[in-house]
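One structure is given below, encoded as structure tokens.
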Ligand SMILES: *Cc1c(COP(=O)(O)O)cnc(C)c1O
């Protein structure tokens, strides 16, 4: 079964395509049957992984892991090493994703994922994805000039973190243009400044005078438009791109090794990961790590009030909006009379404000694979059966707004995962609590601890820590350690941090602000306004014209 052999191929979760290469799935993003790509087999770890990998650098670990998913016939080892090295050289710490012990008594550690160019965890994946796009295109374009060169037009919508991380991942890349739409005036000033002050010719910011949903509708309309698809090769960088999941697997291993090397780790203790979750991409990487053989006892999903995942783990029902009143009757005592009115709720952790979690579909496939077939069935039967179940579930989600899985499926999901839902009030009180009670064991490796006071959590990371504090009650020290993922730097979400820490002794927001953010809002910007009144065709006109101008300028420069 174990296949860390020469050829790793990919299939669609809805059963429509098999036997695709890594390059095909990275460039396509979404399968033509609407499904997501997964590896045909999750590779198991080499026998001697624990001893062989334990002292590797982040980059070397990434190389070992990526090599299990990318055939050397597709990307030769030396090239893959270069890509990895290049991708993580932009991080501000040599260990890329350091860990900090936040509570020594409770064995709670924070995995800081925000040391990349845009100060959010998405950099870990998007720095790599940008280099990967360029690598594939340059290879396809070898010996070609002018209009013969294949050109990739990346289109995305953002309410904040994804857009800036995508722009920093793709800026200056050959043969790639990137268009990111954001709702004008509706994203945080720091995020807007981060995106629009990037002056590379291949970066195009579009400010839409509408909502984030309007931006997403424009993206969907463009991907469905036969006209632009005939003339432009469109690509997506949202969290469903397989390369993003792959890149995120590394830090689960890296943090595990850092932890077990530390003197406080008693041999034989178990490890739980806690992940602030929105689209289920970050935690899905943890699931892959666990299935590969990383000894993680549980993965704890931490959601905000947009709790579709939390409700699934409670009930087996995956539903956009529960019927009015049913939530209170269905066993959410902590919810009180609060009813779900449908639609996304705005919270203090906006990067987790989702209605459905797109990557959850990938987990569904593995659950169906495990539950509805036996190892004696042929591989092709097992895969086809899993694909049929996923297709039916997703069809019900679309037509009825939700579906319920069999008890056996929920039982399987509960073996690997637990879930917690955290309110805005709890988020703020955790930020305050952690700041005002610094742990003596805390080693301040991070840019956040410059005040000499406690640790300053961003609201997303605070959701993880709140969930970790609850999980500790079920899985206490000294036999369990919790690694909670810190997904953003507090300076990116100043509103929540100020709300929580205003008036705390020693606190001033200025001390949190990284050097890179100072003066950012005064820098020159480049952004095109797209009017709702012009519809998606108006966006298409802008995209076509700006790609044309960019390519013409590049050709002129080359001659
Ligand atoms: C994107 C994001 C998340 C959610 O990650 P998913 O992979 O969508 O679950 C959490 N926190 C921050 C800061 C993010 O940018």
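Values in this text are rule-based calculations from the coordinates and carry no lab data. The model shown is predicted, which means the values in this text are computed figures rather than measured ones. Using ideal geometry, Cβ is built from the backbone for each residue, glycine included, and neighbour counts are taken over all protein chains shown.
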Given a Förster distance of 45 Å, the FRET efficiency implied by the Cβ-Cβ spacing of residue 93 and residue 388, rounded to the nearest 0.05, works out to 0.50
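Pairs of Cα atoms under 8 Å, at least six residues apart: use those to get the relative contact order of the chain, whole percent.
Once divided by the residue count of the chain, the mean separation gives 19 percent.
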Normalising by the residue count of the range 57-163, find the relative contact order in percent from Cα pairs under 8 Å and 6+ residues apart.
18 percent
Of every Cα-Cα pair in the range 33-103, the percentage lying beyond 20 Å is 47 percent
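Taking a ≥ b ≥ c as the square roots of the Cα gyration tensor eigenvalues, with a/c under 1.5 meaning rounded and otherwise prolate when a/b beats b/c, else oblate, which class fits the range 197-244? All intermediate terms of the calculation are to be shown ahead of the outcome.
Numbers: a/c = 1.24, a/b = 1.11, b/c = 1.12.
Note, shape of the range 197-244 comes out rounded.
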Using a basic spin-label model with each label point 7 Å from the Cα along Cα→Cβ, how many nm lie between residue 267 and residue 18?
4.6 nm
Cα-based Rg and Dmax for the range 4-149, in Å, come out at 17.8, 63
Using Stokes-Einstein with the Kirkwood hydrodynamic radius over Cα pairs, what translational diffusion coefficient do you get for the range 5-56 at 37 °C and a viscosity of 0.692 mPa s, in µm²/s rounded to a whole number?
263 µm²/s
Would you mind classifying the range 95-197 by shape? Square roots of the alpha carbon gyration tensor eigenvalues, ordered a ≥ b ≥ c; an a/c under 1.5 is rounded, otherwise it is prolate if a/b is larger than b/c and oblate if not.
oblate
How would you classify the chain from its alpha-carbon gyration tensor, with a ≥ b ≥ c the square roots of the eigenvalues: rounded for a/c under 1.5, else prolate if a/b is greater than b/c, otherwise oblate?
rounded
Return the ratio Rg/(2.2 N^0.38 Å) for the range 157-301, where Rg is computed over Cα atoms only.
1.31
Expected sort for 181, 199 with the fewest Cβ neighbours (10 Å cutoff) up front is 199, 181
Tell me the mean residue ellipticity at 222 nm calculated for the chain from its helices only (DSSP H runs of n ≥ 4, each -39500 (n - 2.57), averaged over every residue, nearest 500).
-13000 deg cm²/dmol
Whole-Å distance linking the alpha carbon centroid of the range 1-77 with that of the range 488-527 is 38 Å
Sorted by average packing, counted as other Cβ atoms within 10 angstrom per residue and highest first, what order do 88-96, 369-377, 189-197 take?
189-197, 88-96, 369-377
